[in-house]
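To start, the structure under review is shown below, and the notes come after it.
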Amino acid sequence: MNYSDQNFTPVTERDDKAVQDMKKFLGLEHFGWKFGAIMTLIAAVMMFLASIIMIISGAVVLANANTQQFGGMPAAANASILIMGITYMIISVTLIPETVICFIMIKKVEYYQSTLGTDISIARTRCTSVGMMVFCILFNTLAAIFFIINFVKTKNNAAEFDRIEAEQKGTL
């Protein structure tokens, strides 16, 4: 290695930068999970309330379908509001597991952030997991963006993390 090279960084600074980058992107991923959890919860609640309103409106319209007040439209046309309300309710109920998963992932990311100072191998294993990347992509695209960036940075800084892990285990 040429020590006169301008790109040379002492080992401790490179190690520190690698850990700081991992910590930063774990923090951003934490934000992504929190934002996703809150937005999914709000969407589920709003869709559930809208579904209740549509179901009640649809039931009222169907009950009065033969009167002139509603134009005497066929029952199928009047039932569309009721069917839409039921569809919204099903969608809102299916958003609940995603919301729960997002809230659970907030705590898990906090755990990985807390292990950086004592055993970086735990967070490193998680940050280099392809399965975790697929999981993030399926359940929270915003968190997945930060996970993928952290994934690439962790893979690129493998030598630094090897040194840090050896230091933490006392084998260096």
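The values are calculated or read from the model by the stated rules, or taken from the named source; none is laboratory data. Everything quoted here is computed from the prediction, not taken from an experiment. Cβ sites come from the backbone with ideal geometry, for glycine too, and all protein chains shown count toward neighbours. Calculation scope for accessible area: heavy atoms of the full protein, side chains included, ligands and nucleic acids excluded. Shrake-Rupley method; radii C 1.70, N 1.55, O 1.52, S 1.80 Å.
Assorted remarks:
- Set of lysines with alpha-carbon distance to Lys169 below 29 Å, sequence-local pairs under 8 removed: Lys17, Lys23, Lys24, Lys107, Lys108, Lys153, Lys155
- For Thr118, neighbours were defined as the other residues whose beta-carbon sits under 12 Å from its Cβ, and their charges (Lys and Arg +1, Asp and Glu -1) total -2.
- Each residue of segment 122-129 is assigned a 3J(HN,Hα), and the resulting list reads 5, 5, 5, 4, 5, 6, 10, 8 Hz, derived from the Karplus form 6.51 cos²θ - 1.76 cosθ + 1.60 (θ = phi - 60°), x at Gly and Pro.
- A 1.4 Å probe, protein heavy atoms only, puts the accessible area of Met84 near 90 Å².
- Segment 70-172 shape via C-alpha gyration tensor axes, a/c threshold 1.5: prolate
- Stretch gain in nm, segment Phe35-Ser57, where the contour uses 0.36 nm per residue and the Cα spacing is subtracted: 4.6 nm
- Candidate cross-link partners of Lys34 among the aspartates and glutamates, defined by an alpha-carbon separation under 19 Å and a same-chain spacing of 8 or more, comprise Glu98, Glu110.
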